[in-house]
Amino acid sequence: MVLVASILLTAGPLSAADILLSPAGPISTPQAARDAARGAPRPARIVVADGTYSLKEPLALTAEDSKTDWVAAPGASPVFSGGERITGWKERDGLWVASIPEVKAGKRAFEQLWINGRRATRARHPNRGYLHIMTAAPADAFPDLGAVPEKKVFQLPPDSYALLKAIPAAERADLLVTITHDWCTTQARVADFNDAARSVRIKGQSRYPLVPGSDPALRFWLENYRAALDAPGEWFLDRAAGELLYRPLPGERADAVVAIVPVADRLLTIKGASDLLFRGLRFEFDNDLYPANGLFEGQAAPGVGAAIEATASTGIRFEACTVAHVGRHAIYFHNGCADSAVVHCHLHDLGGGGVIVGDMARPKEADICHHVVVDDCIIQHGGRRHPSSCGVTLTHTQHCGVTHCDIADLSYTGVSAGWNWGYGESVSRETLVENNHIHHLGWSYLSDMGGFYGLGTSPGTVIRGNHFHHINSHRYGGWGIYFDEGSCDALAENNLVHDTWDTGFHQHYGYANRVRNNIFAFGRRAQVFRTRNEPRLCFIYERNIVTWDPPATLLDRSDGNWALVDKPGKGDPADSIIFRDNLYWCTDGKTPGLLNNGTITWNSWRKMGRDKGSVFADPLFVDAAARDFRLKEGSPAAKIGFKPWDLAAAGVRRGDAAWQAEAARGHDYPTWEQEARPWPTPPFAIPLETFDAVPVGTIGIPTASFQRPKGQPDRGEGVGVTTEVSSPLPIDGQPAAKTGRSLKVQDAADLANSYDPILHIRPHWSSGRFTVAFDAMAQPRADWFFEMRGKGEYAAGPLVTWKNGRLFAGTSEGTTLAKIPAGEWFHLTITAETASDTGAGSYVVELMQQDGTSMVFPKIACKESWNDASYLLFSGLGTTKTAFFIDNLRLTTAAD
């Protein structure tokens, strides 16, 4: 694949046939130049003189504009601007105020402001970090919610609800609530409030539930209301007053400020054209607006569009151009585009990502984007309005490439290639991602990301010679190279990957992938991760150098992820992965006792037939601590067949010192270690759940779930709120005032496991002191137990069991607490403290029976191995159709 031709940075001398676009006229607007070129012989050339060319609407090019070059005049740096300068600032109460009558009249709106070239922050709360959604909202909090109410309503803690409710009604239409999910965001508008349930209804419907799931809290922030204008550098547009308000930074002067707001919806559109060249032009400022009913984008945010868009066009080439200060992606090649390129371009300060090629829907064969190249580009500082955007996104494409680019400072993935989920039909083929420098991604905004992200089946994909580093996710998935959702026949070689939040390489699932001759270093958690263990050859991992600092491990996750697999009818278990000829080094100089956080040792790993020819030895990097991964003379890497490559080749092409210096301006992030760490989540706690507001049939406990074991038929077992019965016991000394709901755990006969059904609760508590309190009642033969298990073994921590009318601590051989007949309610409070340096943990059980009898059982010992309370469970032990009930649940920590 020939990717790049030489670049001529100026137009050269004017000829008589050239069309001159100049602020001095006679052709003074881009539209006039376009129209003049339509009447000129082909090929036509428009030479653009220095100056700023204002766009109120996008420059629209079609088939009749084909075979035309738009090039900057010699020495010129022309700007096509969709922005407008705001003047007439006055100072009031520490703010700058500018009157904009068109805003008050409803004829104008904008959501971006630049002050002296800096993207100003729209007033938000909190100024840094997040608020949290901790619990699920009642499904009946609002009438007519219909299906999936969890995607339309969220519930807030009292202080956050009061803050949101206090925003004046006149400002709520423009208020934006941004809620983060794993790989995208909900950007919602508020529709209504329910004070009794502390619940907020949004306009429209989110793509994902607005309730905590595997993450104990959803993070969100509020944007664009007057009271949030409390920090220097922030601004707010008061539509009712028709005023723009800005709180200046120290040293800024109202009489000298250059304040720009966007006007043009987009800057350039190309439809059905061919052979267009844009060289040396600068495109700035587009007016991206969040929809009135909210924006519910998915992964990579392809639906938001771009400042420059091409559709069904071929031979479209951008050379030495700049796209900056825009609200969407910079450049989008929609379906039907081919033989096009973005070369030596600077794309920065982006609301979205850099370049997208291909639409979301799988195209017809004739409309597949192919042979589109992004080369020698600087793509930095993106995702400012659409956090799930990528540096470059390739959806359903063939023979496309991303080469020699510097991609940095985005909230999500660097390069995403493929747009298929699973092993189904795919048209994606032959993607080349080579010699890129991709770094400082994530910033812990989102999860499930990579420096390179392969999404689905795309045979012939090559990831070679790249430098991936500093990729931080919020909860999980800050990977260097990530093969997801059926990636196949991909080759990753000669890549340097280091300082990732999770592993340097991860394959979710896929087949026949090759990972060879790479350097993987200093994954924070582990170095290699495979999620799904399938009965096929998933990947080959060979001739790699892998190094890490303890306590990180070589392999991520449990033994099952790395076990041999059974192939039906094939006899002995087979291997679905091949590891061989690798060089491993833990910086403490020891061969680790365990390779993962399970039980795999080096010897047991080798007995599975893995890593023949591999060794543990110091690779002799020049200076690994300073991240200089060149090899010294005498490195043992040669013994495994490792072939060094030019590590400095990654990034923009060499030979242009000014261009390399421009890329380097986006390399230094002195606050990375502090600001890229996941924002702390408040300790998980349920002060009191009475289940009165929880919909029937649902669980209503954050992070809780019931899953029927795979392959087990539905025999009527399950967990959900019921109106059959509720606890009559007092709450905090006050008589119960309930609506008759409780949480029912329904057992059944002939279940595969005697301990099913299980209610799983994952508070993500670590070590410390915790309290769990609840009311319970069992029907006859509805034996059950509650356990604070954590990550350890069964019955190591606090365990309380009810069986045949007997309540006891521990297993059936444990200490009897009381005799409580079926059908009688009782209240338990279990206060537990995990093991510490001073000894094993213990727990105290407080019991109150229905007749008011109270008892305390102090200091019941736990095993020394119980050192965390990250996992709690209620387990049904019945063997027939019967049930037990839970009510008035509290889960708290010592801090609560």
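The values are calculated or read from the model by the stated rules, or taken from the named source; none is laboratory data. Just so we're clear, the structure is a prediction, and the values are computed from it rather than from any experiment. Please note: Cβ atoms are built from the backbone with ideal geometry, for glycine as well, and neighbour counts cover all protein chains shown. All accessible areas refer to the heavy atoms of the entire protein, side chains included, with ligands and DNA or RNA removed. Shrake-Rupley method; radii C 1.70, N 1.55, O 1.52, S 1.80 Å.
Taking all protein chains as shown and a probe of 1.4 angstrom, residue 855 keeps an accessible surface of around 60 Å².
Within the accessible area of region 708-826, what % is carbon and sulfur when the probe is 1.4 Å and the other protein chains stay in place? All intermediate terms of the calculation are to be shown ahead of the outcome.
On the way: 2450 of 5260 Å².
Carbon plus sulfur share of accessible area: 47 percent.
Just flag the trypsin sites (Lys or Arg not before Pro) in region 347-391 sitting in loop per DSSP whose Cβ has no more than 12 other Cβ atoms within 10 Å. Please list the in-between numbers first.
On the way: sites: 364, 384, 385; in loops: 364, 384, 385.
Qualifying residues, ordered by number: 364.
If you build the convex hull over the alpha carbons only and average its shadow over all orientations, what do you get for region 242-381? Give it in nm² to one decimal. Let's see the in-between values first.
Details: hull surface 43.6 nm².
Taking the Cα atoms of region 242-381, their convex hull projects to 10.9 nm² on average.
Calculation over all alpha carbon pairs of region 820-896 in 10 angstrom steps from 0 returns a P(r) of 14, 39, 34, 12, 1 percent. From largest to smallest, the equivalent ellipsoid semi-axes obtained for region 487-604 from the alpha-carbon gyration tensor read 23, 17, 12 Å.
Expressed in nm to one decimal, what extension gain is obtained for the pair residue 675 and residue 537 from 0.36 nm per residue of sequence separation less their Cα-Cα distance?
Details: separation 138, 0.36 × 138 = 49.68 nm, distance 3.98 nm.
Computed gain between residue 675 and residue 537 is 45.7 nm.
Bridging of residue 104 to aspartates and glutamates at a Cα separation below 14 Å is possible for 171, 174, 238, 243, once same-chain residues fewer than 8 apart are set aside.
For region 763-875, what ratio Rg/Rh do Cα atoms give with a Kirkwood hydrodynamic radius? Provide the component values of the computation, followed by the final result.
On the way: Rg = 13.6 Å, Rh = 14.1 Å.
The Rg/Rh ratio comes out at 0.96.
Working note: Karplus 6.51/-1.76/1.60 with θ = phi - 60° gives region 195-210 the couplings 5, 4, 9, 6, 10, 10, 9, 9, 6, x, 9, 5, 5, 10, x, 9 Hz, where Gly and Pro are set to x. The shape of the chain can be summarised by an equivalent ellipsoid whose semi-axes, obtained from the alpha carbon gyration tensor, come to 53, 36, 23 Å from longest to shortest. What fraction, in whole percent, of alpha-carbon pairs in region 301-364 exceed 17 Å separation? More than 17 Å apart: 37 percent of the Cα pairs in region 301-364.
Assuming a viscosity of 0.692 mPa s and a temperature of 37 °C, what translational diffusion coefficient in µm² per second does Stokes-Einstein assign to region 137-260, Rh being the Kirkwood radius over Cα pairs?
Details: Rh = 16.2 Å.
Using the Kirkwood radius from Cα pairs, D works out to 202 µm²/s.
If you take the alpha carbon atoms of region 627-765 and fit the smallest convex hull around them, that volume is 318 Å³ per residue. Exceedance of the 31 Å cut-off in Cα-Cα distance is limited, within the set 152/271; 612/632; 364/643, to 152/271; 364/643.
Roughly how compact is region 378-478, stated as its Cα Rg over 2.2 N^0.38 Å to two decimals? Don't skip to the answer; put the middle values down first.
On the way: Rg = 12.9 Å, N = 101, 2.2 N^0.38 = 12.7 Å.
Relative to the rule-of-thumb radius for its length, region 378-478 sits at 1.02.
Dipole orientation for the chain: of the candidates 424, 333, 504, 424 has the Cα lying most toward the positive pole (charges on Cβ; Lys, Arg +1; Asp, Glu -1).
Using a 1.4 Å probe over the heavy atoms of the protein chains, calculate the carbon and sulfur portion of the accessible area of region 285-420 as a whole percent. Intermediate results must be reported in sequence, preceding the final value.
Working: 1310 of 2590 Å².
Carbon and sulfur together cover 51 percent of it.
Rounded to the nearest 0.05, what FRET efficiency is calculated for residue 38 and residue 425 with R0 set to 45 Å and r the Cβ-Cβ distance? For residue 38 and residue 425, the calculated efficiency is 0.60.
Based on DSSP, what percent of beta bridges with both residues in the chain are antiparallel, to the nearest 5? Write out the running numbers ahead of the final one.
Working: 109 of 245 bridges.
Bridges in the chain that DSSP calls antiparallel: roughly 45 percent.
Quick one: if the Förster radius is 35 Å, what FRET efficiency do residue 638 and residue 566 give, using the C-beta to C-beta distance and rounding to 0.05?
Details: r = 38 Å, r/R0 = 1.10.
Taking R0 as 35 Å, the efficiency between residue 638 and residue 566 is 0.35.
Secondary-structure-derived ellipticity at 222 nm for the chain, considering helices only, amounts to -1000 deg cm²/dmol, per-run term -39500 (n - 2.57) for DSSP H runs with n ≥ 4. 3J(HN,Hα) couplings calculated from phi for region 773-781 with the Karplus curve 6.51 cos²θ - 1.76 cosθ + 1.60 (θ = phi - 60°) are, in sequence order, 9, 6, 9, 9, 8, 10, 6, x, 6 Hz; Gly and Pro show x.
Just how many pairs of Lys in region 767-896 have C-alpha atoms closer than 25 Å, counting pairs that are eight or more places apart or on different chains? Before the final figure, lay out each step's value.
On the way: 791/859; 791/863; 803/819; 803/859; 803/863; 803/881; 819/859; 819/881.
Taking the Cα cut-off of 25 Å, the pair count is 8.
Based on the Kirkwood approach, the hydrodynamic radius assigned to region 645-688 is 14.6 Å, with every pair of different Cα atoms included. Loop-located GluC sites (Glu not before Pro) across region 615-693 with a Cβ neighbour count of 14 or fewer within 10 Å are 633, with loop assigned by DSSP.
Evaluated over the Cα positions of region 667-745, the convex hull gives a direction-averaged projected area, one quarter of its surface, of 10.3 nm².
Each label was represented as a point 7 Å from its Cα along the Cα-to-Cβ direction; for residue 31 and residue 754 these points are 8.1 nm apart. Around the amide H of residue 820, modelled in the peptide plane, lie the amide H atoms of 806, 807, all under 5 Å away and 5 or more residues distant in sequence or on another chain. One Cα centroid belongs to region 821-844, the other to region 314-374; the line between them spans 60 Å.
For the peptides 592-604, 62-74, what is the packing order when you average, over each peptide's residues, the other Cβ atoms within 10 Å and list the highest mean first? All intermediate terms of the calculation are to be shown ahead of the outcome.
On the way: 592-604: 15.5, 62-74: 19.3.
Put in order of decreasing packing, that is 62-74, 592-604.
In this structure, residue 890 and residue 99 have a Cβ-Cβ separation that, at R0 = 51 Å, corresponds to a calculated FRET efficiency of about 0.40.
With a 1.4 Å probe and every protein chain left in place, work out the accessible area per residue of the chain in Å², rounded to a whole number. Before the final figure, lay out each step's value.
Numbers: 34420 Å² over 896 residues.
Computed with neighbouring chains in place, this is 38 Å² per residue.
Between residue 575 and residue 587, residue separation times 0.36 nm minus the direct Cα-Cα distance comes to 1.4 nm.
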